[in-house]
Amino acid sequence: MSNELFSLQGRVYSAIRNPATGRPGALTALGNVSKAEATLTPTISDKYDSRSGLRLLIGRLMKERKGELNMVMDEFTLENLALGLFGAKVPVAHGVATAEVFPAGLVVGDSVALAKQVPVALAGAAGTGTLYVVNNVAGYNVGATSIAVDIGSGTIVAGDIIAIAGDPNLYTVATGVTAPGIITLVNPGLLQAHADEDAITIISARLPVIVDSTGSPVTLVAGTDYKLTGSVVTILNVTGFVQPFKATYTYGSQEIITMMTSVTPPERYIVFDGLDTFTGVAVHAELFRVQFLPAKTFSLIDPDWGGFDLTGALLYDELNAADSTFGGFGRLIKGSQY
């Protein structure tokens, strides 16, 4: 006796639907999706007889045809977050934050979140260079990133934060030297013009450099005057300093997901590509237009594995409905056994 028992698993993808062809663009994998259920929910109007005294069902009218897709997203991917948070993906390249001003009037125990949120605590030791000076008779204008240095000795390494005499700004080194030569600064380069023989001093490479607001800024000492936990600075000492404090640090590349900023609910073409694990038969499904609602709950602290639910309405696709092999909402394709 044969049967048609089944158990499906596979990969789920999203894509932007081409409005001219009705077909999906480039697919984006949604990672591990532990549940994907299509719920068809037509609106039904039943008619019962009024003659028999038994109120028997004599007719059923399907008034509206609609459905939903319900998924549980297990992975912290950009596409999943954009759908769940009803937002947009905004990439930010790595760079340097210079003289980021803290709130005034901080006291011991106060904490401040760095604006870029992803400070880079670089591995390895800071450069050992001393007595280096700018080496260019013509000097350098604002915006210059390639700076010749000489006289000094030791190393200036990528990630070092340096000070240049007469300049209140601090700069992050992109490419260093092991002897007199040319160093490269992270964009936007010099914020103040510099002359030949201006002295260069390595400040730090491993943590944000935090200074006060005196005429000759005093540098706070990590572990004594402040501590860094993730991207949050906690003040340990304020005695003898003039506020506000200012931080300079290198930050890593970031992908920002803005919340609730989509003008219209995000719409995606959803593709399931999998198989029946009982029979080995390939199974493919497509939902042409799924318009998602924001995730009802997005947990920031998880006692176990994280994840969130996504629900989207199945919208009618007039373009695909014209093809008898597609239909108006979606289609399921059952292949042959492997």
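The values are calculated or read from the model by the stated rules, or taken from the named source; none is laboratory data. In this text, all values refer to a predicted model and were calculated from it rather than measured experimentally. Every residue, glycine as well, gets a Cβ built from its backbone with ideal geometry; the counts of neighbours run over all protein chains shown.
If you scan segment 245-255, which residues turn out to be surrounded by fewer than 14 Cβ atoms within 10 Å (Cβ to Cβ) and either modelled with pLDDT of 95 or more or closer than 30 Å to Glu68 by Cα (or both)?
The answer is Glu255, and nothing else.
Given the conditions (1) among the polar types (S, T, N, Q); (2) within 30 Å of Asp160 (Cβ to Cβ); (3) free of Cβ contacts under 8 Å to residues at least 60 places away in the same chain; (4) surrounded by 14 or more Cβ atoms within 10 Å (Cβ to Cβ), which single one is not true for Gln291?
Unmet condition: (2).
Quick one: Ile164 ticks every box in (1) under 17 Å from Ala99 (Cβ atoms); (2) in contact (Cβ under 8 Å) with a residue 60 or more places away in the chain bar one, so which box is it?
In the conditions (1) under 17 Å from Ala99 (Cβ atoms); (2) in contact (Cβ under 8 Å) with a residue 60 or more places away in the chain, Ile164 misses (2) alone.
Could you say whether any residue in segment 238-249 is among the small types (Gly, Ala, Ser) and touching a residue at least 24 places away in the same chain (Cβ under 8 Å)?
The answer is yes; a qualifying residue exists.
Taking the condition of being assigned to a loop (DSSP other than H, G, I, E, B), within 20 Å of Tyr132 (Cβ to Cβ) and at pLDDT 95 or above, how many residues in segment 198-242 meet it?
1
Does Lys63 satisfy the criteria of being out of contact with any Asp or Glu (no Cβ under 7 Å at 6 or more places or on another chain) and modelled with pLDDT under 95?
Considered against the rule, which asks whether it is out of contact with any Asp or Glu (no Cβ under 7 Å at 6 or more places or on another chain) and modelled with pLDDT under 95, Lys63 comes out as yes.
Among the residues of segment 296-338, write down those that are more than 20 Å from Lys66 (Cβ to Cβ) and in contact with an Asp or Glu (Cβ under 6 Å, 6 or more places away or on another chain).
Gly307
Starting from segment 250-268, keep only residues that are closer than 18 Å to Val96 by Cβ and of a type outside the set (Lys, Arg), then list their pairs with residues that are modelled with pLDDT of 90 or more and assigned to a loop (DSSP other than H, G, I, E, B) whose Cβ atoms are within a distance under 8 Å, requiring at least 6 positions of separation or different chains.
Listed pairs, sorted by first residue: Tyr251/Leu114.
Out of segment 259-282, which residues are assigned to a loop (DSSP other than H, G, I, E, B) and either of a type outside the set (Val, Ile, Thr) or touching a helix residue (DSSP H, G or I) at 6+ places or on another chain (Cβ under 9 Å) (or both)? It would help to see each step written out before you state the result.
Within segment 259-282, the subset assigned to a loop (DSSP other than H, G, I, E, B) is 259-266, 277-280.
Within segment 259-282, Met259, Met260, Ser262, Pro265, Pro266, Phe278, Gly280 meet the criteria.
Filter segment 236-268 for residues that are closer than 28 Å to Gln9 by Cα and touching a Ser or Thr at 6+ places or on another chain (Cβ under 7 Å) and give the result.
Looking only at segment 236-268, we keep the residues that are closer than 28 Å to Gln9 by Cα, and these are 265-268.
Scanning segment 236-268 gives a single hit, Arg268.
Filter segment 206-226 down to the residues that are over 19 Å from Pro168 (Cβ atoms) and touching a strand residue (DSSP E or B) at 6+ places or on another chain (Cβ under 6 Å) and list them by number.
Leu207, Tyr226 - these are the residues of segment 206-226 that are over 19 Å from Pro168 (Cβ atoms) and touching a strand residue (DSSP E or B) at 6+ places or on another chain (Cβ under 6 Å).
Taking the stated definitions as given, is Arg65 within 30 Å of Ala38 (Cα to Cα), basic (Lys, Arg), surrounded by 13 or more Cβ atoms within 10 Å (Cβ to Cβ) and touching a residue at least 12 places away in the same chain (Cβ under 8 Å)?
Yes; evaluated as a whole, the condition is true for this residue.
Going through segment 26-40 one residue at a time, which ones are out of contact with any helix residue (DSSP H, G or I) (no Cβ under 8 Å at 6 or more places or on another chain), in a loop (DSSP other than H, G, I, E, B) and either free of Cβ contacts under 8 Å to residues at least 12 places away in the same chain or farther than 14 Å from Leu287 by Cα (or both)?
Ala26, Asn32
Can you go through Ala126, Ala163, Ala99 and tell me which one is outside any strand (DSSP E or B) and closer than 23 Å to Lys227 by Cα?
Result of the check over Ala126, Ala163, Ala99: Ala126.
Residues of segment 171-197 being part of a strand (DSSP E or B) and either in contact (Cβ under 8 Å) with a residue 40 or more places away in the chain or within 29 Å of the chain's Cα centre (by Cα) (or both), which ones? So that I can check it myself, show each step before the final result.
Pass one, segment 171-197, residues part of a strand (DSSP E or B): 171-175, 177, 181-185, 194.
Hits for segment 171-197 are Tyr171, Thr172, Val173, Ala174, Thr175, Val177, Thr184, Leu185, His194.
If only one of Phe278, Phe308 is closer than 24 Å to Thr39 by Cα, touching a residue at least 40 places away in the same chain (Cβ under 8 Å) and under 30 Å from the mean Cα position of the chain (by Cα), which one is it? So that I can check it myself, show each step before the final result.
On the way: Phe278 fails: under 30 Å from the mean Cα position of the chain (by Cα).
One residue alone meets the criteria, Phe308.
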